[in-house]
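Q: If you scroll down you'll find the structure; I have some questions about it.
The values are calculated or read from the model by the stated rules, or taken from the named source; none is laboratory data. The structure presented is a predicted model; accordingly, all values stated were derived computationally and were not measured. Cβ sites come from the backbone with ideal geometry, for glycine too, and all protein chains shown count toward neighbours.
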Amino acid sequence: MRAWTHEWRLLARTPFALAALALLLLLSSLAVLSGARETARQQHTLQRLAPLQQQDLAAQTRKPLARGDAGSAAYYGQHAAWSPPSPTAFLALGLRDATPLVLRVRALALQSQLHEGEHFNPELALAGRFDHAFVLVYLAPLFLVALLYDLVSGERRAGRLATLLALPCAGPRLWLRRAALRAALVALCLLLPVLAAALWLRVPPSMLVAPVLATLAYVAFWSGLSLAIGARGRSPAAHAMALMGCWVLLTLVLPTLAHTAMARALPAHQGVEAALAQRERVHGAWDLPREETMARFFQGHPAWQGTAPLPSGFHWKWYFAFQQLGDEDVAADVQAWRAALQARQRWTERLGWLLPGVGVQTVLHRAAATDLSAQLAQQDAVVDFHTRLRGFFYPYLFGERPLGADDFASVPRFTPPPLHTHGTATPLLALAVVAALALLAGGLATRRLRA
């Protein structure tokens, strides 16, 4: 304990180190505060919109229900499907920037509705949010490099290295202790704001295990790498340049190249393209013979085949039949799009086994339920809700039964999907292995020190 106290006193006499730690604490606090304010804004928006949505739905369906018109009630009634943030979403907002908080779902063709929502500038969304994940992945390594790059070479340049190595207690433990103290302070600056926000937001402790472990493993990796390079017999400037090159390579260059390679190897069209194709099919159905449309619909849905023949004019059951056929025509394209996205996600997770920055982002986004899996789970919940909506209205439409206000009271309600936060064990294990290898390299480098 006396040795640790002595190391802290030496560190406290370095204004640069204290200023760097204070700046990191400030940036981490601002990042956590920014994420917490964004999630609080989203929750407030959902709470404010819930009663307004019910009032709007009642106003939209008041006249159709008074006439018993099931088709008009299904056409005009817009039902809310919302996406609440998870308790840990403030750590890594992820894909929530591109996911609408609320979708207003009707019993019409679904694909065009799935991709409607808030409009945003994709160039602004590309940069991402200033959250804990950004500070941890991109900024924390820079502070570790600044604190550790001249741990050994600085003593050599000052002429104290030979004296230190001659002391009885100056073995590898000395450098490991100094590096561990600086790494622990960096981890403390990163985690203190997270723990404070978790207490304020009443986050369950079990949901913080994976983010905390990922943070510690990432700090350990960069500490070991900095010590392994900084213990070589070069000048402090050479060590700093080498470590900055590693930071650029591991956090910027290699992830970008891997992303480009995956985009070319696993092409995935935008979901909006499927929505546009579905709209073209729906609009084109107006020009097709109605009997042909109904025959196609009955072939896939024989339960409604006993419905009465179509009258000479417009009828809602024909309209909703070609709406559903529009979804079914693009179902294969939608499945291919989802399969390509999921394949990219799997390869991204595998890439995280080699690149710690990608791995820690995978863990944080999974733990915060803001990754692709959570987004697809939300879409699946909307699809299931839309299917239940159709199942509610179809007996009235194809059976030509009147729909009253009492019947409409049992219309399905949307239920958000459960949090999809499992699956962090493998990325965490890979992070731990990479961090252990980096620490081993740093320890071996200190054992080979010479004056």
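Q: Please count how many residues of segment 1-38 are crowded, with 16+ Cβ neighbours inside 10 Å, over 30 Å from G94 (Cβ atoms) and of a type in the set (S, T, N, Q).
A: 0
Q: Using the structure shown, decide if R178 is of a type in the set (K, R), surrounded by 16 or more Cβ atoms within 10 Å (Cβ to Cβ) and at pLDDT 90 or above.
A: No.
Q: Tell me which residues, restricted to segment 260-275, are aliphatic (A, V, I, L, M) and surrounded by 15 or more Cβ atoms within 10 Å (Cβ to Cβ).
A: M262, L266, A268, A274, A275
Q: Which residues, counting only those in segment 225-242, are assigned to a helix (DSSP H, G or I) and either over 37 Å from the mean Cα position of the chain (by Cα) or surrounded by fewer than 16 Cβ atoms within 10 Å (Cβ to Cβ) (or both)?
A: The answer is P236, A237, A238, M241.
Q: Considering segment 331-344 alone, what residues qualify as being free of Cβ contacts under 8 Å to residues at least 60 places away in the same chain and crowded, with 16+ Cβ neighbours inside 10 Å?
A: R338
Q: Those residues that are β-branched (V, I, T) and either touching a Cys at 6+ places or on another chain (Cβ under 8 Å) or over 17 Å from V334 (Cα atoms) (or both), I need them from segment 257-310; list them, please.
A: T260, T293, T307
Q: Please specify each residue of segment 29-50 satisfying the condition of being of a type in the set (A, V, I, L, M), under 29 Å from L188 (Cβ atoms) and touching a residue at least 12 places away in the same chain (Cβ under 8 Å).
A: Within segment 29-50, L30, A31, V32, L33, A36 meet the criteria.
Q: Is one or more of the residues making up segment 412-425 surrounded by fewer than 20 Cβ atoms within 10 Å (Cβ to Cβ) and assigned to a helix (DSSP H, G or I)?
A: Looking through segment 412-425, at least one residue is surrounded by fewer than 20 Cβ atoms within 10 Å (Cβ to Cβ) and assigned to a helix (DSSP H, G or I).
Q: Looking for whichever is surrounded by 12 or more Cβ atoms within 10 Å (Cβ to Cβ) and in a helix (DSSP H, G or I) here; the options are E349, E291. Which one fits?
A: E349
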